[in-house]
Amino acid sequence: MKLSWTPYDLQLKHTFTISGFSRKTTPVVITRIAYEGLIGYGEASLPPYLGETQSSVIKFLQKVDLSHFSDPTHLDEILTYVDQIDENNTAAKASIDIALHDLAGKIIGAPWHKIWGLNKYAVPDTTFTIGIDTDEVVREKTREALGSFNILKIKVGGDHDKRMIEAIRSVTDLPLAVDANQGWHDKHEALDMIHWLKEKNVVMVEQPLPKEDIENIAWLTEHSPLPIMADESIQRLCDVEKLKGVFSGINIKLMKCTGMREAWKMRNLAQTLGMKVMIGCMTETSCAISAATQLSSGLDFADLDGALLIENDCFEGAKLEKGKMIAKNEMGIGVKLTESLNFNK
Ligand code: MG
């Protein structure tokens, strides 16, 4: 098995603003694992607020020695080894996990949704995210999304949340999800807001309060008429159980949980515990989005618009069909590299 990589910068179509940050690019690292004429592709997406960078990912990848493994389908052994190389580095680990799943699927001869026994069409509508912006821009972005999406996700937690929702409601009555990105601070005000949002056909609220505010989040979830989903409060498998009774459910992101293998375990554990499950993403290419799409069947919410927000997607993969991200029938994660990239070896 030969692992190689290349840094790549995603150009965003619109400047992206969430509670606290604005940006126009997202750095990623594309990985490749070659084995007996087959190639698996992976990706680490590195939005700055998560702390990993292209150079930290490359430093991690340089430590990975796959030479003592002879069979890429031994995912459990290989990924346990990769996880133990160093703490954190979850996106770097995901870039190996995804490439290895892609490769293993090609060796087995099936796409991962088939290996997992999932119906690739039984997936929730994906949300399309609209960032915090002026009313004019919010209305314009909403109009652009009409016809392609059945649900929109609105970033709130700024000073003009109600005004933004009203701006969207002046254009469409599509269901909405809202993501406060920890931007609300008082549980009573948050609950009043959630009641108001419910009247506006909002169907889900993501991370309303700061992640460490566990008691107040549990209170809010208990009183909320809408499901409250954890995002910043959840990273990996070991976090799932402690959030039962705190949130209605969890948002799983490959870049935070080290990839498809752990995401699959998190999904199964959360569902066993009676929690709702959402699959989310960063701004990333169709490579990581296609990987996430493989396990989106049977979930409550999907937020897989990451590749639709960038100008220079270097992969072809899962496609938007009637508001849902649908995986290809191709083996592995079902992607094709559409640009020639300069891998390091
Ligand atoms: Mg979120």
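Points worth noting:
- Residue pairs meeting the criteria (Cβ under 6 Å; at least 6 apart or on separate chains; first on the phi > 0 side of the Ramachandran plot and in contact (Cβ under 8 Å) with a residue 24 or more places away in the chain, in region 179-200; second acidic (Asp, Glu) and within 15 Å of the ligand (Cβ to nearest atom)): Gln182/Glu232
- Conditions (1) more than 16 Å from the ligand (Cβ to nearest atom); (2) at pLDDT below 95: number failed by Asn181: (1)
- Leu304, sole failed condition from (1) of a type in the set (A, V, I, L, M, F, W, C); (2) within 16 Å of the ligand (Cβ to nearest atom); (3) not in a loop (DSSP other than H, G, I, E, B): (3)
- Boolean, Leu50 is at negative phi, open to solvent by 60 Å² or more (accessible area, probe 1.4 Å) and hydrophobic (A, V, I, L, M, F, W, C): yes
- Phe301 among the aromatic types (Phe, Trp, Tyr) and open to solvent by 10 Å² or more (accessible area, probe 1.4 Å): yes
- For region 94-124, filtering for residues that are surrounded by fewer than 19 Cβ atoms within 10 Å (Cβ to Cβ), touching a strand residue (DSSP E or B) at 6+ places or on another chain (Cβ under 9 Å) and among the hydrophobic types (A, V, I, L, M, F, W, C) leaves 3.
Yes or no, residue by residue, for (1) of a type in the set (A, V, I, L, M, F, W, C); (2) over 24 Å from the mean Cα position of the chain (by Cα):
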{"residue": "Lys120", "(1), (2)": "no, no"}
{"residue": "Asp133", "(1), (2)": "no, no"}
{"residue": "Val138", "(1), (2)": "yes, no"}
{"residue": "Arg169", "(1), (2)": "no, yes"}
{"residue": "Pro208", "(1), (2)": "no, no"}
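- Number of residues in region 304-317 that are out of contact with any Leu (no Cβ under 7 Å at 6 or more places or on another chain) and open to solvent by less than 10 Å² (accessible area, probe 1.4 Å) equals 4.
- Any hit, region 305-325, residues being within 18 Å of Lys253 (Cβ to Cβ) and among the basic types (Lys, Arg): no
The values are calculated or read from the model by the stated rules, or taken from the named source; none is laboratory data. Since the model is a prediction, treat every value here as computed from it, not as a measurement. Positions of Cβ are generated from backbone atoms using ideal geometry, with glycine treated the same way; all protein chains shown enter the neighbour counts. Note: accessible area is taken over every heavy atom of the protein model, side chains too, but ligands, DNA and RNA are not part of it. Shrake-Rupley method; radii C 1.70, N 1.55, O 1.52, S 1.80 Å.
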